[in-house]
1. Segment 26-99: Rg/Rh from Cα coordinates, Kirkwood Rh?
2. For the chain, which whole percent of the accessible surface, found with a 1.4 angstrom probe, sits on carbon and sulfur atoms?
3. Run through segment 19-113 and list the GluC sites (Glu not before Pro) located in a DSSP loop whose Cβ has at most 14 other Cβ atoms within 10 Å.
4. Can you pull the three principal axis extents for the Cα set of the chain, in Å, largest first?
5. Using a 1.4 Å probe, what is the accessible area per residue for segment 5-105, in Å²?
6. Kirkwood hydrodynamic radius for segment 94-152: how many Å is it when counted over pairs of different Cα atoms?
7. Taking loop as defined by DSSP and a crowding limit of 13 other beta carbons within 10 Å, which trypsin sites (Lys or Arg not before Pro) in segment 37-145 fit?
8. Run the helix sum for the chain: -39,500 (n - 2.57) per DSSP H stretch of 4+ residues, divided by residue count, reported at 222 nm to the nearest 500 deg cm²/dmol.
Amino acid sequence: MLVRSSGLRESMSRYLIRRIEESPTIVLRTNTEITALAGSDHLERVSWRNSQLGNVETHNIGRVFTMTGAVPNAHWLDGCVALDRQGFIKTGTDLSPEDLAAAQWPLARPPYLLETSLPGVFAVGDVRGGNIKRVASAVGEGSIAVAFVHQVLGE
């Protein structure tokens, strides 16, 4: 498990930290971030660098799961889609009439449940305002968004 910060204490509950620390199958590497993903037609290798030591390691790994944390990294979308005060992406009924006017919403219909202020663009998971920050809900939101994408494509 790679953690960019010096530990898990700031972002994770104590019981989860304890389970990670007690697991014989998890090696926790702090101050470490992925620097490269490689493979031909699928992921085959992952490289990471320890920011304190500077050493880079490459391992044969075929899957990567990411958790980017509870602080949204959507500031780069500001001006493209509506964000709330905390920087989460606003979707569906959370978009105010002012948000839609600022975005020049061009459609007669209101935004769908997970649709942003940009028609046909959907947001799901932790980056979406109002999300409950659980993997299962993000997966569910993703499947709902796919259904909405099909609906938008059929319009």
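The values are calculated or read from the model by the stated rules, or taken from the named source; none is laboratory data. Bear in mind the structure is a predicted one, so any value in this text is a computation, not a measurement. Cβ coordinates were reconstructed from backbone atoms using ideal geometry, including for glycine residues, and neighbour counts include every protein chain displayed. Areas reflect the complete protein model, heavy atoms only, side chains present, ligands, DNA and RNA absent. Shrake-Rupley method; radii C 1.70, N 1.55, O 1.52, S 1.80 Å.
1. 1.15
2. 56
3. Within segment 19-113, the qualifying GluC sites (Glu not before Pro) (loop, at most 14 other Cβ atoms within 10 Å) are 44.
4. Computed over the chain, the largest-to-smallest principal extents equal 55, 38, 27 Å.
5. 74
6. 12.0
7. 63, 85, 133, 134
8. -7000 deg cm²/dmol
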